[in-house]
Amino acid sequence: MHGSTALYEAAHNGNEEVMGKLLKGGAKICTKERLAASILCQAIYDGNVIILRRLLKAGINIDAVDYYKRAALHIAAAEGNVITRITQRLR
């Protein structure tokens, strides 16, 4: 419902145990590119490193772009925060 998946919900809500089981079972975060971009851009804008790491661990598309063709790394660079280094390392 609303484009969400069990893996996304586990990552977003910090349930590492459920995330691990879902990933072990082959689960994927099957979100549309624009939604993935929006989620990642918001996490970066908010400076939420924890949720960003969880989402990347869960396999969200780090290169997803929004309607304006902005990716999470664009927002990180514009914000000038530490997340720029994290996203570059995880690419």
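Of the helices (runs of 4 or more DSSP H) lying entirely inside region 1-72, the ones with 1 or more residues being touching a His at 6+ places or on another chain (Cβ under 9 Å) are found at 33-46, 49-57.
Are any of the residues in region 25-32 touching a residue at least 12 places away in the same chain (Cβ under 8 Å), out of contact with any helix residue (DSSP H, G or I) (no Cβ under 9 Å at 6 or more places or on another chain) and among the charged types (D, E, K, R)? The answer is yes, given that some residue of region 25-32 is touching a residue at least 12 places away in the same chain (Cβ under 8 Å), out of contact with any helix residue (DSSP H, G or I) (no Cβ under 9 Å at 6 or more places or on another chain) and among the charged types (D, E, K, R). Filtering region 47-59 to residues that are farther than 15 Å from N13 by Cα and either modelled with pLDDT of 85 or more or touching a Gly at 6+ places or on another chain (Cβ under 6 Å) (or both) leaves only G59. A single entry from A10, A27, A37 fulfils the requirement of being touching a strand residue (DSSP E or B) at 6+ places or on another chain (Cβ under 7 Å) and modelled with pLDDT of 90 or more: A37. Within region 45-82, being closer than 26 Å to E17 by Cβ and β-branched (V, I, T) holds for V49, I50, I51, I60, I62.
The values are calculated or read from the model by the stated rules, or taken from the named source; none is laboratory data. In this text, all values refer to a predicted model and were calculated from it rather than measured experimentally. Neighbour counts are summed over all protein chains in view; Cβ atoms, including those assigned to glycine, are modelled from backbone coordinates with ideal geometry.
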